[in-house]
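A.B. asks: One structure follows; several queries about it will come next.
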Amino acid sequence: AVQAPVTVLDHQGHIVNGLNALDFQLLDNGKPQNITEDLSSHPISLVVAVQANAGMEHVLPDIRKIGSLFDGLVLGENGEIAVVAFDHRVQVLTNFTSDPEKIHNAFAGKDKNGNYLLKAGSWTSAVNDAVMESVNMLRSRPVNRKRIIILISESRDQGSGMHVRDVLTAQEFANVVVYPVDVSHLITSLTDRKS
C-alpha cells in the first residue's frame, strides 16, 4: 500500500475540501489503478513547530493564543498533536497528546518561575533541524495515520546541522506533509478581524 497525501487548490489558491477517492484517478505507467481506501478517514498525527527565536519575540504573544484552534474539529476524533519550539535548538513542549489542557499548556503555559514555555531564545532559527526532529517524531506514529507538520516561522534556516535535501528525503520516506505558515500572514489573520 502506498500513501499519497494530496492537497487540492482552486484557481485562487484556496484549499478545496470535501473530495474523496472517487474524485481522483491514479495512473501507473499510463494504466488506471484502483484507489482502495479513502485516507480522509485516517486519524491525524500533527506536529506544530514554532520558530521561537529572538526575532519572533514580538509575535509570540499572538502565537500563544492559537492552542485552542487545535481541538477536535482540526484533529478529528482520534487525532493527536505534539508541539515543538526552535531557535538554535529544538525543544519538545509536549509530545503527542489529544488532551486540550496539555495542548493549551504547550502554547500558553508557564514554568514554575512564571516564564512562558513558548518563549524567545537566541537569534538563530534552525528550521531544517526542527523539521527533521518533527519528521522523526512522526515516524514513530502508526503508518495508518496522516502525518502532518505545521511549520510556523518567518525566516529561512539559519544554523541548522541538517541539510534541506536530507530533510526533504526523510519527509518523503516517512509520508509526512509539511504546511508552512508564514508568521506575517498568520498574525495578520489573527489580528485583522473587525468586531
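The values are calculated or read from the model by the stated rules, or taken from the named source; none is laboratory data. As the structure is a prediction and not an experimental result, all values here were calculated from the model. Glycine also receives a Cβ, built like all others from the backbone with ideal geometry; neighbour counts cover every protein chain displayed. For accessibility, only protein heavy atoms count, side chains too; no ligands or nucleic acids. Shrake-Rupley method; radii C 1.70, N 1.55, O 1.52, S 1.80 Å.
A.B. asks: Divide by every residue of the chain the summed helix terms, -39500 (n - 2.57) for each DSSP H run of at least 4, and state the resulting mean residue ellipticity at 222 nm, rounded to the nearest 500 deg cm²/dmol.
C.D. replies: On the way: 6 runs with 49 residues, N = 195.
That calculation yields -7000 deg cm²/dmol at 222 nm.
A.B. asks: Just to be sure I understand the model, the point goes 7 Å from the Cα along the line to the Cβ. What's the resulting Asp166 to Asp99 distance in nm?
C.D. replies: Each label point lies 7 Å from its Cα, and together they span 3.4 nm.
A.B. asks: Still on this model: Around Thr124, under 9 Å between beta carbons, what's the net of Lys plus Arg minus Asp minus Glu among the other residues?
C.D. replies: Numbers: positive: Arg89; negative: Asp87.
Within the 9 Å Cβ shell, the charges total 0.
A.B. asks: Evaluate the relative contact order of region 58-185 (contact order divided by residue number), counting alpha-carbon pairs under 8 angstrom at least 6 apart; express in whole percent. Can you show the working numbers first?
C.D. replies: Working: 182 pairs, mean separation 28.3, N = 128.
Relative CO of region 58-185 lands at 22 percent.
A.B. asks: Using the Kirkwood radius built from alpha carbon pairs, what does the Stokes-Einstein equation give as D for region 63-148 at 4 °C and 1.567 mPa s, in µm² per second? Provide the component values of the computation, followed by the final result.
C.D. replies: Details: Rh = 13.8 Å.
D, rounded to a whole number, is 94 µm²/s.
A.B. asks: GNM on the chain, C-alpha springs below 10 Å: top fluctuator among Arg165, Arg147, Arg64?
C.D. replies: Arg165
A.B. asks: Could you check how much of the accessible area of the chain is carbon and sulfur, as a whole percent, using a 1.4 Å probe? Could the numbers behind the result be given before it?
C.D. replies: On the way: 6070 of 12030 Å².
Exposed carbon and sulfur together represent 50 percent of the surface.
A.B. asks: Over 19 Å between Cα atoms, which of Lys65/Lys102; Lys31/Lys146; Lys65/Lys110 qualify? It would help to have the intermediate numbers written out before the result.
C.D. replies: Values: Lys65/Lys102 14 Å; Lys31/Lys146 27 Å; Lys65/Lys110 13 Å.
Listed pairs above 19 Å: Lys31/Lys146.
A.B. asks: Same structure again: For region 90-139 and region 152-183, write down the distance between their C-alpha centroids in whole Å.
C.D. replies: Using only Cα atoms, the two centres lie 16 Å from each other.
A.B. asks: Just add up the charged neighbours of Gly55: K/R +1, D/E -1, any other residue whose Cβ is under 14 Å from the Cβ of Gly55.
C.D. replies: Working: positive: Lys119, Arg156; negative: Glu57, Asp87, Glu154, Asp157, Asp182.
Here the count lands on -3.
A.B. asks: Taking only protein heavy atoms and a 1.4 Å probe, what accessible area per residue, in Å², does the chain have with all protein chains in place?
C.D. replies: Details: 12030 Å² over 195 residues.
That works out to 62 Å² per residue.
A.B. asks: Give the range of the longest stretch in the chain that excludes all chymotrypsin sites (Phe, Trp or Tyr not before Pro) found in loop regions by DSSP and having at most 16 other beta-carbon atoms within 10 Å.
C.D. replies: Working: sites that count: Phe24, Trp123.
Counting only loop sites that pass the neighbour cut-off, the longest clear stretch is 25-122.
A.B. asks: Taking the Cα atoms of the chain, report the difference between the largest and smallest coordinate on each principal axis, in whole Å and largest first.
C.D. replies: 60, 44, 33
A.B. asks: Between Ile103, Ile15, Ile44, where does the largest GNM mean-square fluctuation fall for the chain, given springs only between Cα atoms within less than 10 Å?
C.D. replies: Taking springs between Cα atoms under 10 Å, the residue moving most is Ile15.
A.B. asks: Less than 13 Å Cβ to Cβ from Val181, Lys/Arg counted +1 and Asp/Glu -1: what total charge do the surrounding residues give?
C.D. replies: Working: positive: none; negative: Asp62, Glu154, Asp182.
Here the charged neighbours net out to -3.
A.B. asks: Another one. Can you list which of the DSSP-assigned H helices in the chain have a Cα extent of 15 Å or more along the long axis and an average Kyte-Doolittle score of at least 0.0? Kindly include the intermediate steps, with their values, before the conclusion.
C.D. replies: On the way: long enough: 127-139 (18 Å, 0.21).
Helix filter hits for the chain: 127-139.
A.B. asks: Quick one: the Cα spread of region 87-190 along its three principal axes, in angstroms, biggest first?
C.D. replies: So the three principal-axis extents are 40, 32, 28 Å.
A.B. asks: Taking amide hydrogens as modeled 1.01 Å from N in the peptide plane, which residues meet the under 5 Å criterion relative to Gly79, leaving out close sequence neighbours?
C.D. replies: Distant-sequence amide H within range of Gly79: Ile44.
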